[in-house]
1. List every residue pair whose Cβ atoms lie under 9 Å apart, where the two residues are 6 or more positions apart in sequence or sit on different chains, the first residue falls within region 299-320 and is at positive phi, and the second residue, located anywhere, is loosely packed, with under 15 Cβ neighbours inside 10 Å.
2. I need a count of the residues in region 113-124 that are of a type in the set (A, V, I, L, M, F, W, C) and in a loop (DSSP other than H, G, I, E, B).
3. What residue, of Gly158, Gly136, is small (Gly, Ala, Ser) and on the phi > 0 side of the Ramachandran plot?
4. Looking at (1) over 18 Å from Gly237 (Cβ atoms); (2) assigned to a helix (DSSP H, G or I); (3) modelled with pLDDT of 95 or more; (4) touching a Lys or Arg at 6+ places or on another chain (Cβ under 9 Å), find the lone condition where Leu45 falls short.
5. Just one of Glu135, Glu170, Glu180 is surrounded by 22 or more Cβ atoms within 10 Å (Cβ to Cβ) and among the acidic types (Asp, Glu); which is it?
Amino acid sequence: MATVSLLPKDRADLSQIMKVAEAQPARDAKPSLLGMTREELGQALADVGVEDRQIRMRTAQLWHWMYLRGAASFDAMTNVSKDMRAALAERYTIGRPEIVTEQISVDGTRKWLFRFPARGAGRPVEVETVYIPEEGRGTLCVSSQVGCTLTCSFCHTGTQKLVRNLTREEIVAQIVVARERLGDFPEVAANARKDAEGLLPSEGRLVTNIVMMGMGEPLYNFDNVREALLIASDGDGLSLSKRRITLSTSGVVPMIPRAGAEIGTMLAISLHAVRDDLRDELVPLNRKYPIAELLDACRAYPGLSNARRITFEYVMLKGINDSPADARELVRLLKGIPAKINLIPFNPWPGSAYECSDWDEIETFAEVVNRAGYASPIRTPRGRDILAACGQLKSASERLRVRERMALEAMIGGGGED
């Protein structure tokens, strides 16, 4: 969809607003079955006339086709009757976002720009999703929001204001479409892997791990992230172990216990500093939840053990946070927390004021942490040439001005959350 400016030069143009309003999808557009719980799928089946005694079995069929087989249409569901497929297709879809771009780095990293349709008075929105292939594993970095509220000073996504939360359907769709494009579903495996020209693992599942480390703060979209990750870890569908799913947060302390209790995945903390004054600058959320409070929440994380360690992410910024004294303080702060420390060489992006630490400094930092008994792998930068590396994601979606929103809501019928 072409982008239309609603208020050129800040002057309302009613005819132009009307054109944009008319271009929005209808409010009663077909809902997607992706992202629905089993109970909701059961209700959808009841709504198309499936008898109560068949709903459980038919729900399992739909679940199997969508998440195990990767069916993109009802026509593909060959063991479902034609009449039922037609009834479902009349009222529902198995939604897929538009793939605006697909880029492949020289190192095999892939980045997709997905466009999701407008909701309510909003515009279509775009998010980035990244796949990182490695020997014996493939990690999918999934976004939870369009933009971000946190304005972390070293992060490109933080320069984009929050547009809206992604729905659970949109979070699940990133996983499904990535697997589809990679050939990780049975029906498309042979052709997709052949097209990959050796840049994917040669055997086994291609998406073995998921990290909620894309655009946005997952714990500020808790309900949708929870439901999406429960679908991702469901043993009868996408079937990823919760130990292979990592939720990364900048430190929304009140939601951390709920994440452990209700989602139960691995936890990663974007720490990046060992002093509150510096973390206030790098991760402004620290002004609300300072380091001591954050680490107390980590110590109490449900299920924490040496087998289920918390990962602390630490971006290496030249002359900012990379001294041996910083490393020693990091060790002191984490005492008593089963932890792994990922050292992330800073990935540059246009307009950034930071530089990556020299390699010697990173290795010295890692040595201090290692000697204290913590694993501290240095993350190899991946996908830098396509701006797909950690901290580089950003889309062109922009939040509507208040006047634009009010005008569109008035034209469309008002009220929709975006």
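1. Close Cβ pairs satisfying both conditions: Gly303/Ala261; Gly319/Glu355.
2. Counting residues in region 113-124 that are of a type in the set (A, V, I, L, M, F, W, C) and in a loop (DSSP other than H, G, I, E, B) gives 2.
3. It is Gly136.
4. In the conditions (1) over 18 Å from Gly237 (Cβ atoms); (2) assigned to a helix (DSSP H, G or I); (3) modelled with pLDDT of 95 or more; (4) touching a Lys or Arg at 6+ places or on another chain (Cβ under 9 Å), Leu45 misses (1) alone.
5. After applying the criteria, what remains is Glu170.
Residues checked against (1) part of a loop (DSSP other than H, G, I, E, B); (2) among the aliphatic types (A, V, I, L, M):
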site: Glu126; (1), (2): no, no
site: Val130; (1), (2): no, yes
site: Leu140; (1), (2): no, yes
site: Cys152; (1), (2): yes, no
site: Cys155; (1), (2): yes, no
site: Glu170; (1), (2): no, no
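Residues checked against (1) more than 18 Å from Asp184 (Cα to Cα); (2) among the small types (Gly, Ala, Ser); (3) outside the structural domain of Gly183 (by TED's automatic domain parsing):
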site: Gly49; (1), (2), (3): yes, yes, yes
site: Arg53; (1), (2), (3): yes, no, yes
site: Arg56; (1), (2), (3): yes, no, yes
site: Ala60; (1), (2), (3): yes, yes, yes
site: Ala72; (1), (2), (3): no, yes, yes
site: Ala76; (1), (2), (3): no, yes, yes
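Here is a yes/no grid of residues against (1) in a loop (DSSP other than H, G, I, E, B); (2) within 22 Å of Ile171 (Cβ to Cβ); (3) modelled with pLDDT of 95 or more:
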residue: Ser5; (1), (2), (3): yes, no, no
residue: Lys19; (1), (2), (3): no, no, no
residue: Met36; (1), (2), (3): yes, yes, yes
residue: Glu39; (1), (2), (3): no, yes, yes
residue: Gln61; (1), (2), (3): no, no, yes
residue: His64; (1), (2), (3): no, yes, yes
residue: Tyr67; (1), (2), (3): no, yes, yes
residue: Arg96; (1), (2), (3): yes, yes, no
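The values are calculated or read from the model by the stated rules, or taken from the named source; none is laboratory data. Predicted, not measured: the structure shown is a model, and the values here were computed from it. A quick note on method: Cβ atoms are made from the backbone with ideal geometry, for glycine too, and the neighbour counts reach across all protein chains shown.
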